[in-house]
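For reference, the structure is listed below as structure tokens.
No lab work stands behind these numbers, since they all come straight from the coordinates. Since the structure is predicted, the reported quantities are computational estimates derived from the model, not experimental observations. Glycine also receives a Cβ, built like all others from the backbone with ideal geometry; neighbour counts cover every protein chain displayed.
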Amino acid sequence: MDTALRWDSPALMNEETRDGSLDTDAQLMLRFQAGDLRAFESLFWRHSRPMVNFAYRFVRSRETAEELAQEVFLRVHDAAPLYRAQAKFTTWLYRIATNVCLNELRRPRFRAVHQSLDASTTDDPDDKPMEIQDDHAGPDRLMERRAIARALIQALERLPEKQRLAFILNKYQDLSYSEVAEVMKTSEKAVKSLIHRAKETLAARLKPMLPELI
């Protein structure tokens with residue numbers, strides 16, 4: 001990954017795109033395909049943090065999540081010549097990210113290193129959706145929140161792969177049912193069923209704190 005890529009390039013976000021029939025991400029990708037390196041930098045700036053947070057929900061390591069996000073954008077870079085704006089750019093991007101994350105989970109090395117379920121819930125101050133917010137919480141309440149968040153992470157890790165993926169994409173990445181269906185290459189009905197079953201399983205394991213978490 002080019003070391004010139006930065007997190008603080010808001011000027012790139014304000015550039016006007018020419019084709020109103022495509023979403024701005026797709027337009028940027030087509031511009032990069034045509035040789036505009038600044039367009040790729042803009043896409044990187046827009047989507048790096050969501051990709052890191054998405055990966056983190058699978059690997060629970062900030063360092064590994066950042067490495068996976070870099071891998072996602074390397075694949076985006078390498079796939080540029082074959083890119084076709086036939087769907088939303090984010091759908092295509094999350095397909096790539098999903099493959100990268102699931103491949104990592106299937107590595108024997110990953111399973112050996114992450115077999116313990118007692119890791120901390122998060123080391124990213126921007127990664128807060130799994131925690132219950134309470135600005136006036138005392139030490140006991142903070143400990144309780146961390147225990148709840150840890151229990152949720154453990155419950156998510158035990159979900160079948162497709163249920164876990166559908167739930168994370170919808171609940172934490174804010175993708176609609178139809179968008180999740182496109183990412184997973186399945187029907188919207190199947191996605192709704194996967195998410196429903198995921199919630200039922202989580203409800204059984206997290207019943208006492210369910211109203212605040214799901």
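Restricting to Cα pairs below 8 Å that are 6+ residues apart, what does the relative contact order work out to for the stretch 138-214? Please round to a whole percent.
31 percent
Find how much the distance from L142 to A203 grows on full extension, using 0.36 nm per residue of separation minus their present alpha carbon separation; answer in nm with one decimal.
Difference between extended and current length: 19.8 nm.
Along the Cα→Cβ direction, 7 angstrom out, place labels at A79 and E63. What is the inter-label distance in nm?
With each label placed 7 Å out from Cα toward Cβ, I get 2.8 nm.
For H196 and L105, what is the calculated FRET efficiency with R₀ set at 35 Å and r taken between the beta-carbons, to the nearest 0.05?
For R0 = 35 Å, the calculated efficiency reads 0.90.
Among all the lysines, which ones have a C-alpha under 24 Å from K88's C-alpha, if same-chain residues fewer than 8 places away are not counted?
K162, K171, K185, K189, K192
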